[in-house]
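Since the structure comes first, as structure tokens, the remarks are kept for the end.
The numbers here are math on the coordinates, done by the rules we state, and not lab data. These numbers come from a predicted model, not from an experiment. Please note: Cβ atoms are built from the backbone with ideal geometry, for glycine as well, and neighbour counts cover all protein chains shown.
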Amino acid sequence: MLKHIIESAVTFFVVIDPVGTVPLFIVATKGKSVAEQRSIALKATIISAAILIFFIAVGQLLFDHLGIGLNAFRIAGGLVLLIISLKMILESEITGMEAEDENSEHKRDVAVFPIALPFIAGPGTIMAAVLLTDNDLYSVFEQFVVSLVLLGILLITWIVLRYAKQLEKLLGDTGINVVTRVMGLILAALACQTILNGIQGYFKLG
């Protein structure tokens with residue numbers, strides 16, 4: 001049990017990557033006040049927790065019922081990440097991915113997209129949550145403990161994002177611009193790897 005807890009904690013920390021999410025969060029909330037950033041961080045963390053707990057509870061049953069394999073989910077998630085990464089590399093700002101009127105009634109809620117999904121509760125995190133709570137391998141109690149471990153990692157993520165403004169001041173506009181492009185490139189590589197893993201798993205290659 002202890003081994004599974006440690007394995008789960010390490011896995012969730014790696015796939016969520018709280019520290020690596022900070023530059024993405026900074027770019028997505030560019031121009032926001034400290035209070036707004038902290039509100040977005042809290043909202044995004046809560047939404048991510050809800051999404052991941054949902055997949056822990058019914059994800060495996062949902063996939064089985066719809067006939068969706070994890071490899072198909074990997075490919076779909078990888079494509080979404082690839083689109084986002086290309087926008088980060090080629091556009092000046094991630095948050096709109098397009099310029100938006102400040103007075104618009106339908107402004108994109110960056111706490112939901114792209115911060116909660118797919119940056120925090122991305123395909124890798126969702127897959128990890130489903131696999132680490134496999135109904136065929138783990139008891140209900142073990143799944144509950146893994147859920148608590150996940151919430152602990154999300155708490156760490158929230159704390160890290162809450163103080164992202166300090167890092168933003170340290171980097172400045174030029175630094176954020178550079179970080180955006182670099183993170184976009186890394187995210188693109190991760191997206192391609194996710195897609196390739198899905199293809200490899202589906203066709204049973206290697």
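Points worth noting:
- Overall, the ratio between the Cα radius of gyration of the chain and 2.2 N^0.38 Å, rounded to two decimals, is 1.05.
- Of 109, 17, 136, the residue with the greatest mean-square motion in the GNM of the chain, using alpha carbon springs below 10 Å, is 136.
- Of the peptides 45-54, 60-69, 122-131, the ranking by mean beta-carbon count within 10 Å, highest at the top, reads 122-131, 45-54, 60-69.
- Cβ-derived FRET efficiency at R0 41 Å, residue 204 paired with residue 42, nearest 0.05: 0.45
- Between residue 144 and residue 166, residue separation times 0.36 nm minus the direct Cα-Cα distance comes to 4.4 nm.
- Contour minus Cα-Cα distance for residue 177 and residue 64 (0.36 nm per residue): 36.4 nm
- Residue-normalised convex hull volume from the C-alpha trace of region 1-95: 133 Å³ per residue.
- Among the listed pairs 43/165; 87/204; 87/169; 30/165; 30/169; 3/43, a Cα-Cα separation exceeding 21 Å is found for 87/204; 87/169; 3/43.
- For the peptides 35-41, 20-26, residues were scored by their other Cβ atoms within 10 Å and the scores averaged per peptide; the highest-first order is 20-26, 35-41.
- Given their separation in residues at 0.36 nm each and the Cα-Cα distance between them, residue 57 and residue 4 gain 17.3 nm when the chain is fully extended.
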